[in-house]
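Contents: one structure, followed by commentary.
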Amino acid sequence: MPLSNTFKIFFILVLPSLILSKESISEKTKEMVKYSGFYDFYWDNNSGNIYLEIENLEQEFLLVNSLSQGLGSNDIGLDRGKLNKEYVVYFQRSGPKILLIEPNYYYRAISNDQSERRAVKESFAKSTLWGFEIEAESDNKILINITPFLLSDAQNISRTIKNRQQGSFAINSSRSAINLQRTKSFPRNSEFDALLTFTGKDPGNYIRSVTPTSGSITLFQHFSMIELPDENFQMRANDPRSGFFGISFHDYATPIQEPLLKQFISRHRLQKKFPGQNPSPPVEPIVYYVDNGAPEPIRSALIEGASWWNQAFETAGFKDAFRVEVLPDSADPMDVRYNVIQWVHRSTRGWSYGGGVIDPRTGEIIKGHVSLGSLRVRQDFLIAVGLLAPYKDGTTVPPEMEEMALARLRQLSAHEVGHTLGLMHNFAASSNNRASVMDYPHPLIKINNKASLDLSDAYATGIGSWDKVAISYGYSEFKSKQEETSGLKKIINDYVADGHKFISDSDARPRGGAHPFAHLWENGTNPADELIHILKVREIALNNFSENVIRTGQPYADIENALVPIYLMHRYAVEAASKLISGVDYSYAVRGDNQIITSPVDQKIQEKAFKTILKTLSPDQLILKKSLLNILPPHPPGFSRTRESFGSRTGVTFDPLSGAESAINISLGQLFHHERIARLLQQNPNNKFVDKLYDGFYEAVFEKSFDNPTKQQIQELQQALTIDQLFSLIKNDRSAEYVKSWAFNKLEEWQDEANDFIRFKIKKFLKNPGEFKLSKPGKTPPGSPIGNNNAFDFNCGF
């Protein structure tokens, strides 16, 4: 029966309005639990959903994503406490939809002219992070279901696992849910936590080693919605010599004679309670909280080391401005209100790092977040055991090893907190009497008259002189902008006059680095002299090496665990000394500051460094005593070799030549680095100095012979590995053409003294270099904390 015109009009006019009408928020949420705070939200126990109430659209806030519970694999990097990027965002309405939008703060116009600001805003893209449907609205408030957003893979966990070649995984929604226990709301921040389960196939060994069922990975993801700080924070201009990292953006309102790029340091908000008084207590101190899950005596060491920073703030004119306490049981370390030092466990040792939450608009550090890998302290203890061979009666554990490990932990705590205060690494500080905790320190090992080793001063105590300079730059309070400009300039000029040096990551980490004072894990002012010292330390330790490095009841195979870091004790000193070869001293100089700009390292110093590294290739250095080899049996069941063991080309037995191969490759890798060879050839166009160096190498490696058959084996191994280095230089796409030519000439020159097999390899290579397959290098155990430098917010630690 056809509808009447009246009913047709009803369906046309009334029904759409009924469909589009929404419940009021009170009706929608009447059976839900309300959480009041920065954002009010509701928990629906029936559906397992969280509904967020939005009152002020287009009001910016800070969104931070993190992991409240991690995977436990340093190699993959999904640690407990891992912070993702922070976002300035706002909600915007479009009809029935709410969009979460991130504005573009990389490009701005700092201007009072609204049109000028709009022109920049409309010239660069925003990012829309999510879209939500409106569930209810009333009284100018809107309700949205944020559960799908909270249960999304915001940390890119699937991609991280795939990139690490650990399998193909995706979120399994049926096994994921809100974690209400850590979901809370406070006046200035709202915290949300979610259990995410990833299922997939082909899990790799890293996944298998840390999950009870490798096809199912459950992690906990955290979101923080944070009220943005007020506008009273004073931004401070960055200076390449200050030692701070920070924020940068392009200001298109800048006059044409000034640079567009603006750079400001990152720092906590710290103000004097009594301006002009020196020292003055702060209005609010900076307080850090140590993980209450860290056991004693580790907890006390972490507190003590982090507390050193109060010395630096005293230099900057503050009294009791920095405190360290134990995290209360009622506090959540993911809560943005707490600066934390977390004690993070993994299946293998690895990096520690200092991160945090920064306001991208201003550089203000809102939350400092340190992650300390718990296994590192055990590695330091093991190194001390290897150096001292302390278990004379097999049972008594002398205190020296723990004292060294805890001293290292204090330094580590101070180092990582330094990053969260805004500081970069200073890898030149060790050349200036251990001037900074922001360097990577090698233990200072003294040699007693009785040819025994002393670890009593292995690590420095207290904050360094450079650290006080840096904190003064970042946190000193000035009466006016004019006074600030002159005061900051004076701080830098004074540190230059005092002989301080600041060189950070990009100039210290590269394997072919050129700076003669920027090194990781070394001591002293002359790297060549330090290498000689470390070789003496190594010799003493290896001469004393025996069953006294294990306790009664331990398998003899465990001796190898302590042997590896001692046998390779010189690896970092080799890297430091190698930077003298073709080295260039320089600073982050600016015009008029009277710092050194560039100065090539004197050739005599280069030659000494080269000859010192040659000592590390001597078979006398690389051979192990027979009495030690006799107590290194195959590993029993349950005590297998790990990646921290030497490789073996002899099956289950200990292979001393594989250990020698590791050490040889470390030194050869520095002497034949393509960038180092390129600098040498550029600095010495006539090649006389280069020929002098490598003729000495040829004499040491190819012309010497030994009566001892094992030493002769090591010599022949060196020759083969050297030829492989030359092959690699020629085949390396990054090698300069003149470096390839140099390597080609060396092949022809050096093959005469090589054995028949090496000459056969050279002939085969020269016939068709493109088709020649390089030998697979032997396994070298990891030195620095294992793994990838992944997701470090400020700077990776150590």
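Among residues of region 605-652 being part of a loop (DSSP other than H, G, I, E, B) and aliphatic (A, V, I, L, M), the one that is nearest to the chain's Cα centre (by Cα) is Leu617. Applying the condition of being assigned to a loop (DSSP other than H, G, I, E, B) and in contact with a helix residue (DSSP H, G or I) (Cβ under 8 Å, 6 or more places away or on another chain) to region 733-760 and asking which residue is farthest from Asn684 (Cα to Cα) yields Asn755.
In region 388-417, the qualifying residues are those that are touching a helix residue (DSSP H, G or I) at 6+ places or on another chain (Cβ under 7 Å) and of a type in the set (Gly, Ala, Ser), and the one that is farthest from Ile303 (Cα to Cα) is Ala389. Of all residues in region 42-100, those satisfying the criterion of being among the polar types (S, T, N, Q), open to solvent by 10 Å² or more (accessible area, probe 1.4 Å) and either more than 23 Å from Glu135 (Cβ to Cβ) or outside any strand (DSSP E or B) (or both) are Asn45, Asn46, Ser47, Asn56, Gln59, Gln69, Asn84.
From the residues in region 489-525 that are closer than 29 Å to Met569 by Cβ and among the acidic types (Asp, Glu), which one is least open to solvent (accessible area, probe 1.4 Å)? That would be Glu522. Considering only region 260-271, I want to know if a residue exists there that is surrounded by fewer than 18 Cβ atoms within 10 Å (Cβ to Cβ), over 24 Å from the mean Cα position of the chain (by Cα) and farther than 30 Å from Ala429 by Cα. Among the residues of region 260-271, at least one is surrounded by fewer than 18 Cβ atoms within 10 Å (Cβ to Cβ), over 24 Å from the mean Cα position of the chain (by Cα) and farther than 30 Å from Ala429 by Cα, which makes the answer yes. For region 452-473, state whether one or more residues are in a loop (DSSP other than H, G, I, E, B), in contact with a Gly (Cβ under 7 Å, 6 or more places away or on another chain) and either under 26 Å from Gly354 (Cα atoms) or β-branched (Val, Ile, Thr) (or both). So far as region 452-473 goes, no, none of its residues is in a loop (DSSP other than H, G, I, E, B), in contact with a Gly (Cβ under 7 Å, 6 or more places away or on another chain) and either under 26 Å from Gly354 (Cα atoms) or β-branched (Val, Ile, Thr) (or both). Picking from residues in region 327-363 that are farther than 22 Å from Ser300 by Cα and touching a Gly at 6+ places or on another chain (Cβ under 6 Å), the one that is surrounded by the most Cβ atoms within 10 Å (Cβ to Cβ) is Gly356. Condition first: touching a Phe, Trp or Tyr at 6+ places or on another chain (Cβ under 6 Å) and under 24 Å from Asp40 (Cβ atoms). Can you find one or more residues in region 149-157 that meet it? Yes: region 149-157 contains one or more residues that are touching a Phe, Trp or Tyr at 6+ places or on another chain (Cβ under 6 Å) and under 24 Å from Asp40 (Cβ atoms). When region 761-772 is filtered for residues that are part of a helix (DSSP H, G or I) and surrounded by 14 or more Cβ atoms within 10 Å (Cβ to Cβ), the ones remaining, listed by number, are Lys761, Ile762, Phe765, Leu766.
Among the candidates Ser658, Ser645, the residue that is in contact with a helix residue (DSSP H, G or I) (Cβ under 9 Å, 6 or more places away or on another chain), surrounded by 18 or more Cβ atoms within 10 Å (Cβ to Cβ), among the polar types (S, T, N, Q) and in contact (Cβ under 8 Å) with a residue 40 or more places away in the chain is uniquely Ser645.
Looking at this structure, is Phe274 part of a loop (DSSP other than H, G, I, E, B), open to solvent by 80 Å² or more (accessible area, probe 1.4 Å) and touching a Ser or Thr at 6+ places or on another chain (Cβ under 8 Å)?
On the way: part of a loop (DSSP other than H, G, I, E, B): yes; open to solvent by 80 Å² or more (accessible area, probe 1.4 Å): yes; touching a Ser or Thr at 6+ places or on another chain (Cβ under 8 Å): yes.
The answer is yes for Phe274.
The values are calculated or read from the model by the stated rules, or taken from the named source; none is laboratory data. Keep in mind the model is a prediction, meaning the values are calculated, not measured. Positions of Cβ are generated from backbone atoms using ideal geometry, with glycine treated the same way; all protein chains shown enter the neighbour counts. The protein model used for the area step is the full one, side chains on, heavy atoms only, and it has no ligands, DNA or RNA in it. Shrake-Rupley method; radii C 1.70, N 1.55, O 1.52, S 1.80 Å.
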